[in-house]
Amino acid sequence: MYATAYLNNQQRMNNMKNVVNPSSTKELLKQFNFRMTKSLGQNFLIDQSILDKIIEGSELTKDDYVLEIGPGMGSMTQKLCESAGKVVAVEIDKNLLPVLKVTLEEYDNVTIINHDILKLDLKKVFEEHFGDKKVKVIANLPYYITTPIIMKLLEDKLNLQSITIMVQKEVGDRIKAAPGGKEYGALSVAVQYYARPSQVLLVPPHSFIPQPEVDSIVLKLDILTNPAVEVESESLFFRVVKASFGQRRKTLLNALTAGNLGLTKEQLRDVLKSVDVEENRRGETLSLQEFANIANKLYKYF
Ligand code: SAM
């Protein structure tokens with residue numbers, strides 16, 4: 001009787017450590033009296049095969065150093081610890097720390113940082129934990145701050161090799177969109193300036209607890225050694241992109257004129273003509289190279 005009770009207890013503990021299934025996840029939530037916070041984007045993955053495909057898609061080896069954003073209860077973190085050399089995971093919710101202590105108990109290659117990823121000095125974290133080594137970011141992102149997180153990772157010019165992320169499908173479609181479609185916008189240009197996006201897999205809502213209201217997609221962003229196009233000034237390039245997409249129904253010339261770039265309509269018309277871009281086109285039809293040509297021509301006016 002005593003032995004059976006001990007075994008059941010042991011089984012429960014082992015089950016709890018394996019957080020990637022509905023029953024163990026629920027058990028953990030109950031055990032720690034943990035209530036998920038919707039406003040923190042807490043949708044936990046409960047599908048083992050999806051996790052395996054994310055790890056496979058990120059091409060992890062024991063040689064790799066990994067930054068995870070939002071470990072939650074640690075389902076993906078466990079996999080990362082098993083597949084990578086070193087893992088640093090940044091989690092904002094301090095109520096998850098006792099859970100992570102149990103689920104990650106067996107791993108000595110993980111550090112949890114209890115902080116808001118958007119307020120963290122990532123350069124310092126990289127220096128402290130990763131040294132000169134290129135880092136892979138792998139995360140099931142909190143959807144309420146997907147874009148700011150991606151832009152912070154890219155703009156902070158960290159020593160990154162790739163970013164493999166779960167995002168909501170609609171955002172993923174915008175990130176990987178090519179010119180000409182309705183999904184192509186400032187986010188597509190910004191990400192594709194720094195990285196080459198590719199789709200790893202689609203993930204249905206029932207792979208999470210609780211189920212999100214949207215479909216999800218895992219993307220891999222391979223960081224380019226040099227940005228996709230050469231620009232004289234990055235800030236001017238991004239001002240041109242922002243202005244071009246700022247007023248989607250306007251022609252490119254009118255959108256740029258309304259975009260506070262400091263040039264008259266006539267000057268902008270000359271710029272477009274000199275780089276062979278029709279003034280009647282819409283921003284969403286321009287390639288990165290065409291945006292760069294416009295920005296580099298404009299640069300001469302400043
Ligand atoms: N990785 C877990 C999984 O796949 O089951 C959890 C993913 S859940 C979609 C997002 C996680 O990000 C949550 O654990 C949430 O608490 C955390 N989070 C939300 N906002 C954050 C922020 N600003 N900084 C760091 N972590 C954050």
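The values are calculated or read from the model by the stated rules, or taken from the named source; none is laboratory data. Just so it is clear, the model here is predicted, and its values are computed rather than measured. Cβ: placed from backbone, ideal geometry, glycine included. Neighbour counts: every protein chain shown. These accessible areas exclude ligands, DNA and RNA; they are computed on the full protein's heavy atoms, side chains included. Shrake-Rupley method; radii C 1.70, N 1.55, O 1.52, S 1.80 Å.
Details
- Modelled spin labels at V214 and L118, positioned 7 Å past Cα toward Cβ, are 1.5 nm from each other.
- Of all DSSP-defined beta bridges confined to the chain, some 45% are antiparallel rather than parallel.
- Across the chain, the relative contact order, built from alpha-carbon pairs under 8 Å that are at least six residues apart, equals 14 percent.
- Full extension of the chain between E56 and D222 yields a length gain of 58.3 nm, computed as 0.36 nm times the residue separation minus the alpha carbon distance.
- E279-Q199 pseudo-label distance in nm [points 7 Å out on the Cα-to-Cβ vector]: 3.9 nm
- Within the accessible area of the range 220-301 (1.4 Å probe), percent carbon and sulfur: 43 percent
- Peptides 256-263, 81-88, 152-159 ordered by average Cβ neighbours within 10 Å, highest first: 81-88, 256-263, 152-159
- Extension gain, Q161 back to N33 (0.36 nm per residue minus Cα-Cα distance, nm): 42.3 nm
- The range 96-177 - percent of accessible surface contributed by carbon and sulfur, probe 1.4 Å: 48 percent
- Note: the range 84-241, Cα convex hull, 139 Å³ per residue.
- Modelled spin labels at D63 and N21, positioned 7 Å past Cα toward Cβ, are 3.5 nm from each other.
- On a per residue basis, the chain carries 50 Å² of accessible surface, using protein heavy atoms and a 1.4 Å probe.
- Cα-Cα P(r), the chain, percent of pairs per 10 Å interval: 6, 25, 28, 19, 13, 6, 2, 1, 0
- Kirkwood estimate for the range 165-300, i.e. one over the average of 1/r between Cα atoms, Å: 16.0 Å
- The range 234-299: relative contact order as a whole-number percent, Cα under 8 Å and 6+ apart: 38 percent
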